[in-house]
Amino acid sequence: MKHVYYTSPFVPPVWIAAHGLKPCLMNVSARDTGTGTSPGECPYARAVINQASRRDDSLFVLTATCDQMRRAAEWLSLEFEQRRGKDEKAKDPYDLDSPVFLLNVPATWHSAARDRYRAELARLGRFLVRKGGRSPDASDLRESLRSGRLQLHVPHTDPVGVRTTAVPLAVVGGPLMEEHAELYRVIERNGGSVALNGSEGCERSQVTPGDASEFVRDPLGMLTALYFDSIGDAFRRPDSGLARWLVPRIEQRSIRGVVFYAYTWCDLWRAQYVSLAEAVKLPSLLLELGGEERLSAGTITRIQAFMESLR
Ligand code: SF4
């Protein structure tokens, strides 16, 4: 069965599974940044490119949710074309033979944008069929909803657990490379507990399982409602969905401080910090993460100092 790798919570794994293909969450690691990034390049996007380009026999679904990922999809397509020996002048990142699919997820929330997301899922379905998947019938849809995952879940971003004596904190940011989940442990070693997890792939981007009969009746309608209508993210405009998700949970869980993080050159999450820090009205810290395989001493010291100030 062909593997289809994806990274974003806006890619419904259940839709891939319904086409008889295997959805695989890409476990992005700082080791994959390789010799490092070029100036202006997000280390996470670079790690996605490097990891994907080693998998010759797979398909990839990336999302046009930021310029860096859009560029990563083009880069990856060109890389595969080069391997196929395509003439330099004939190379085209949008070639139909490419194993890379770029899912356009509109930033806005209005009804035309919803229709566009729905149309993009249909286009993804056609891509999957062209690449060896099958057009799903009712039993494929039922089966994929029963056995498949509805959402992205990144196991390495699971916090260790909530200790009652610790200072409850929220962690908020985009995708997190495997090694950088160490930031949860550093918080916990310094007297905090991650009581609200706003990293990508954690509770912020979870969707509620749907009704199988609705999925069979109108799969694209249900997926649009589950994913497009409910997941707040830094690229969405207006970006109030993130604050709407964060602020009530902060109150419910008596959160006392918020740790934000953003990768170097990630303008989206860096910009988001300003408005979210204002909205939560709590002590907050912004960490900048690079492509290093361990958290830097500077990052660890900043977490320690932040925790000290909250105790
Ligand atoms: S970390 Fe930021 S810049 Fe990098 S891929 Fe994600 S959203 Fe884009």
If you fit an axis through the alpha-carbon atoms of helix 267-280 and take the longest principal axis of the Cα set of the chain, what angle between them do you get, 0 to 90°, nearest 10?
50
To test your reading of the geometry: what angle, between 0 and 90 degrees and rounded to tens, separates the Cα axis of helix 67-83 from the longest principal axis of the chain?
40
Reachable aspartates and glutamates from residue 91, criterion Cα separation under 20 angstrom, eight or more residues apart if same chain
56, 57, 74, 79, 81
Show the residues, 5+ positions off or on another chain, whose built amide H is closer than 5 Å to the amide H of residue 63.
103
Unit charges on C-beta of K, R, D, E only; dipole of the chain, Debye
340
Once the dipole of the chain is set up from charges on Cβ (+1 Lys and Arg, -1 Asp and Glu), the residue from the list 53, 6, 250 lying farthest towards its positive end is 250
Suppose only helical runs count, i.e. DSSP H with n ≥ 4. What mean residue ellipticity at 222 nm does that imply for the chain under -39500 (n - 2.57) per run, divided by all residues and rounded to the nearest 500 deg cm²/dmol?
-12000 deg cm²/dmol
Treating the angle as unsigned and between 0 and 90°, give the value, to the nearest 10°, between the Cα long axis of helix 111-130 and the longest Cα principal axis of the chain.
60
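We did not get these values from a lab; they are worked out from the coordinates using the rules stated. This is a predicted model, so every value here is computed, not measured. All Cβ positions, even for glycine, are placed from backbone atoms using ideal geometry, and neighbour counts span all protein chains on display.
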